[in-house]
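The values are calculated or read from the model by the stated rules, or taken from the named source; none is laboratory data. Keep in mind that what you see is a predicted model, and the values were worked out from it rather than measured. A quick note on method: Cβ atoms are made from the backbone with ideal geometry, for glycine too, and the neighbour counts reach across all protein chains shown. Just so you know, the surface numbers come from the protein's heavy atoms only, side chains and all, with ligands and any DNA or RNA stripped out. Shrake-Rupley method; radii C 1.70, N 1.55, O 1.52, S 1.80 Å.
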Amino acid sequence: MKSQWKSIATVCQHSHNSLVQKVTVSVQRGAPGRQTQPCFETHHVELAEKASVLDALFALQRGPCPNLAFRYSCRVGMCGSCAMVVNGREGLTCSTLINTIGAELRIQPLRNLPVVHDVAVDFRPFFEAYRRTMPWFVPREDLKDFYPIPEASREGRALDRQPQCIDCGACYSACTLVNLNPSYLGPMALHRALNLVVDPRDNRRGERLRQVTGEEGALRCHTLGNCRDVCPRGISPSHSIERLKRMAVFDLFRRTIGKVFGA
């Protein structure tokens, strides 16, 4: 009987060990204003087989790095708070499983945004760019009642049908043009601007279109597709930006013809 229990305990131990993985985590530490430059700290942790990158950060915070600063909220890939650069690629740490990217992690804060502390960044430049696109709805003056837009109608087909953006900042971090020109509006702001530009109920279409397609807007995009590649929601800001470019060219052509012929 004793040997039987010993065998069962051995099986349970082997089963438990098979569910544990040893992970090496290098995380960027530091904050502006300190005399020392930001550096990487490397630690070894043991995590469950299905652990996420966010779980690795929690393990560091519970163990060798109790003052490690990072953002998170929902932990189910909906809020976008936990976006970081993991092994050189932007993504949501809560929905990135370690067993899909390897047991050696290099975690950095999002690029193109000021670092507050460790891997937590200041999102104010990100949302300031969004504010410059006039992201508020201005209804047409002749609208006195509900204005239904059937999905199968021409107006309905023109509306953007991509998944809802969660404002995680991954596209902004991956955009090389933001890195070269911080005044560039960025993929998220331009993607969201398209929804209002194509909305037939909006009264500021022309002004809004010219605002988002100038030298700091859609026409500056090089269409590299980095924003599309890193979006955790599968959105293609590049596609939205291309639509804005075509609309801007058509709008310029229409206004030029109008001036020439006095229309």
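Things worth noting here:
- Order of exposure, largest accessible area first, which applies to 62, 132 with probe 1.4 Å: 62, 132
- Phi angles of the stretch 116-128 translate, via the Karplus equation with coefficients 6.51, -1.76, 1.60 and θ = phi - 60°, into HN-Hα couplings of 8, 6, 6, 10, 9, 10, 8, 8, 4, x, 4, 7, 5 Hz per residue; Gly and Pro are given as x.
- Heavy-atom accessible area per residue - the chain, 1.4 Å, Å²: 57 Å²
- Rough spin-label spacing in nm, given labels placed 7 Å along Cα→Cβ, for residue 179 and residue 87: 2.0 nm
- With Cα atoms, 0 to 90° folded angle of helix 53-62 axis to the chain main axis: 50 degrees
- Reduced Cα scattering model of the stretch 141-213, Debye log10 I(q)/I(0), q = 0.12, 0.24, 0.25 Å⁻¹: -0.44, -1.15, -1.19
- Accessible area of residue 229 (1.4 Å probe, protein heavy atoms only, ligands and nucleic acids ignored): about 80 Å².
- Pairwise FRET efficiency - residue 224 versus residue 95, Cβ, R0 = 30 Å, nearest 0.05: 0.80
- Against the empirical curve 2.2 N^0.38 Å, the C-alpha radius of gyration of the stretch 134-263 lands at a ratio of 1.12.
- If you wrap the Cα atoms of the stretch 64-128 in a convex hull and average its projected area over all directions, you get 5.0 nm².
- Label-to-label distance, nm, for residues given as residue 249 and residue 158 (7 Å Cα→Cβ offset): 1.8 nm
- Shape summary: the stretch 67-202 maps onto an equivalent ellipsoid whose semi-axes, from the alpha-carbon gyration tensor, are 34, 18, 13 Å in decreasing order.
- If you wrap the Cα atoms of the stretch 209-263 in a convex hull and average its projected area over all directions, you get 4.3 nm².
- Accessible-area order (highest first, 1.4 angstrom probe) of the listed residues 115, 198, 25: 115, 198, 25
- Semi-axes of the equivalent ellipsoid of the stretch 104-173 are 37, 17, 8 Å, computed as sqrt(5λ) over the eigenvalues of the C-alpha gyration tensor in descending order.
- Annotation: extensible slack from residue 204 through residue 104 equals 31.0 nm (criterion: 0.36 nm per residue apart, minus Cα-Cα distance).
- Seen from all directions on average, the stretch 19-70 presents a Cα convex hull projection of 3.6 nm².
- In this simple spin-label model, placing a label point 7 Å from the Cα along the Cα-to-Cβ direction at both residue 73 and residue 144 gives a separation of 4.1 nm.
- The chain: angle of helix 237-261 to the longest principal axis, Cα-based, in degrees nearest 10: 10 degrees
- When all alpha carbon pairs of the chain are counted in 5 Å bins from zero, the resulting P(r) reads 1, 6, 11, 13, 14, 12, 10, 8, 7, 5, 4, 3, 2, 1, 1, 1, 0, 0, 0, 0, 0 %.
- Between 0 and 90 degrees, the angle of helix 2-18 with respect to the longest Cα principal axis of the chain falls at about 30 degrees.
- Mean sequence separation of contacting Cα pairs (under 8 Å, at least six apart), scaled by the length of the chain, corresponds to a relative contact order of 15 percent.
- Helical contribution to [θ] at 222 nm, DSSP H n ≥ 4, -39,500 (n - 2.57), averaged over the chain, rounded to 500: -11000 deg cm²/dmol
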